[in-house]
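The next block holds one structure in the form of C-alpha cells; read it before the comments.
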Amino acid sequence: MSSITRWNPVREFNAMQNFMDRLIEETARPMRGLVESYEGVSGSLALDVVEEDKAYTVTTSLPGVKADDIKVNMHDDLLTIEAEIPARTTEKTETANGRKVLMQERAWGKFSRSIRLPQNVKNDGVEASFENGVLTLSLPKAEHVLPRTIPVKALKS
C-alpha cells in the first residue's frame with residue numbers, strides 16, 4: 001500500500017539554497033581576499049608576523065614594486081602597508097605589436113593591509129628593508145610593555 005506525502009515547497013527551496021551556498025563558497029575559496037576591479041585586482045597583502053621577546057617582524061612580498069612606491073604607516077599601534085603593483089598589458093584577445101595575451105593570472109593593482117599589534121611599539125625604532133621584492137619590518141616593542149624582573153630586598157630585623 002502506498003502513502004501520500006505532502007509536498008512542502010519551502011523545504012525544497014531551502015535545500016536548493018543550501019546547495020547553492022556550498023557551491024559558491026567552494027568556488028570562491030581560492031579567490032578569498034582578492035576583489036576584481038575594473039583597474040586590476042585589489043586586495044589585501046599576505047603577511048607573515050613573528051613575535052619575539054623584544055620585537056615583532058612583519059614580512060610581505062611585493063614583486064615588481066619599487067621601494068619608493070611602498071607606504072608604511074604606524075599610528076596608535078595600527079600598522080598599515082600600502083603599495084601598487086604596476087599594471088601590465090590588459091588586452092585579452094587583441095593583438096598588440098604582434099603579441100596576443102593568452103593568459104594573465106598574476107595580480108596587479110593597489111594593495112593594502114592594516115593590522116593592530118597586540119602590544120605597543122616604539123615608533124622611533126621601526127626599521128624597514130626591501131630586498132628582492134620582499135618587505136621586512138622590524139617593530140621593537142615599547143619598553144614599558146617588556147617583561148622585567150623586579151629584585152626583592154630582604155629587610156633586616
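The values are calculated or read from the model by the stated rules, or taken from the named source; none is laboratory data. Only a predicted model underlies this, so the values are computations on that prediction, with no experimental measurement involved. Heads up, the Cβs are rebuilt from the backbone with ideal geometry, glycines too, and the neighbour counts pull from every protein chain shown.
The set of residues in segment 65-77 that are surrounded by 12 or more Cβ atoms within 10 Å (Cβ to Cβ) and part of a strand (DSSP E or B) comprises Val72, Met74. For segment 1-52, a residue qualifies if it is of a type in the set (Ser, Thr, Tyr) and at pLDDT below 65, and the qualifying residues are Ser37, Tyr38, Ser42.
Inside segment 102-157, can you point out the residues that are among the aliphatic types (A, V, I, L, M) and in a loop (DSSP other than H, G, I, E, B)? Hits for segment 102-157 are Leu102, Met103, Ala107, Leu117, Val126, Ala142, Leu146, Ile150, Val152, Ala154, Leu155. Residues in segment 65-76 include none that are more than 30 Å from His144 (Cβ to Cβ), modelled with pLDDT under 80 and acidic (Asp, Glu).
Among the residues making up segment 115-138, those that are under 18 Å from Ser61 (Cβ atoms) and either surrounded by fewer than 13 Cβ atoms within 10 Å (Cβ to Cβ) or touching a Lys or Arg at 6+ places or on another chain (Cβ under 9 Å) (or both) are Ser129, Phe130, Glu131, Asn132, Gly133.
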